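The block underneath contains the structure these notes are about, expressed in structure tokens.
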């Protein structure tokens, strides 16, 4: 059965946010009284729910303390909301690829662990005018973060498609797990936060190196 819906992850797949996100997390750590992390340290955690990211970048001796996680999470939300996000931008060729997929008759959706309002603003900033279905954390009562498939299933319902007609495109193991849990095919982009170990996961249909390969993979 041909695919009618492609669900994309946002950060690391459609949009390069890592420098701005890492800066905001480091500001949040310092504001809460903890040492900053590194770009690599933050990027290794991206794709997870916010609290899990925070636990991953806090010093090990405090990462188990709920109060510390809450303090840094709250500081991050405030910092990210006020950040100009001046280094955030779509990956090369992504906007054109989305338009080509839409022109071919595909429906396009975005599923992220970002808070829903933040995700909507991000998509509107870079992809305004494109008819995208969007579901972030907290969307219309969605209470579970990826890799729970709740958001992906909501998008399939909105698009009126079956799992067999759906492809999930992401860059991390969280995305592969989400696709697997939703019962849909999965393609991974090589320009995000993935690793060689991830790329060997047998659940992945294809690892794509550029947007031309991405368009071809979505048309399978």
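As a check on your grasp of the helix formula, calculate [θ] at 222 nm for the chain: sum -39500 (n - 2.57) over DSSP H runs of n ≥ 4, divide by the residue count, round to the nearest 500. Intermediate values should be presented prior to the final figure.
Numbers: 10 runs with 98 residues, N = 220.
My calculation for the chain gives -13000 deg cm²/dmol from helical runs alone.
Quick check: from the Cα gyration tensor, does segment 95-216 come out rounded (a/c under 1.5), prolate or oblate? Here segment 95-216 falls in the rounded category. Sorting the segments 139-145, 170-176, 39-45 by their residues' average number of neighbouring beta-carbon atoms within 10 angstrom, most packed first, yields 170-176, 39-45, 139-145.
If you average the C-alpha positions of segment 104-135 and of segment 1-45 separately, how far apart do those two centres end up, in angstrom? Their Cα centres are 17 Å away from one another.
Using a Gaussian network model of the chain in which every pair of alpha carbons under 10 angstrom is joined by a spring, one finds that among 163, 49, 60 the greatest mean-square fluctuation is at 60. Between the Cα long axis of helix 94-103 and the first principal axis of the chain there is an angle of about 30°, rounded to the nearest 10. Summary value for segment 18-82: 38 percent relative contact order, contacts being C-alpha pairs under 8 angstrom separated by 6+ residues. Just need the relative contact order of segment 67-220 here, percent rounded to a whole number, with Cα pairs under 8 Å and 6+ apart. About 16 percent, as a whole number.
Assign one of three labels to segment 18-82, namely rounded, prolate or oblate, based on the Cα gyration tensor with a ≥ b ≥ c the square roots of its eigenvalues; rounded applies when a/c is under 1.5, prolate when it is not and a/b is larger than b/c, and oblate otherwise.
Values: a/c = 1.42, a/b = 1.16, b/c = 1.22.
Rounded is the answer for segment 18-82, as its axis ratio a/c remains below 1.5.
Report, in degrees rounded to the nearest 10, the 0 to 90 angle that the Cα long axis of helix 18-31 makes with the longest principal axis of the chain. Tilt relative to the chain: about 20 degrees. Counting only alpha carbon atoms, the long axis of helix 66-82 and the longest principal axis of the chain meet at about 60°.
How compact is the chain by the rule of thumb for globular proteins, expressed as Cα Rg over 2.2 N^0.38 Å?
On the way: Rg = 16.9 Å, N = 220, 2.2 N^0.38 = 17.1 Å.
So the Cα radius of gyration is 0.99 times the expected 2.2 N^0.38 Å.
Within the listed set 155, 50, 58, the residue fluctuating most in the Gaussian network model of the chain (springs between alpha-carbon atoms under 10 angstrom) is 58.
No lab work stands behind these numbers, since they all come straight from the coordinates. Here the structure is a predicted model, which is why all the values come from computation and not from measurement. Because the Cβ atoms are built from the backbone with ideal geometry, glycine has one as well, and the counts that use them run over all protein chains shown.
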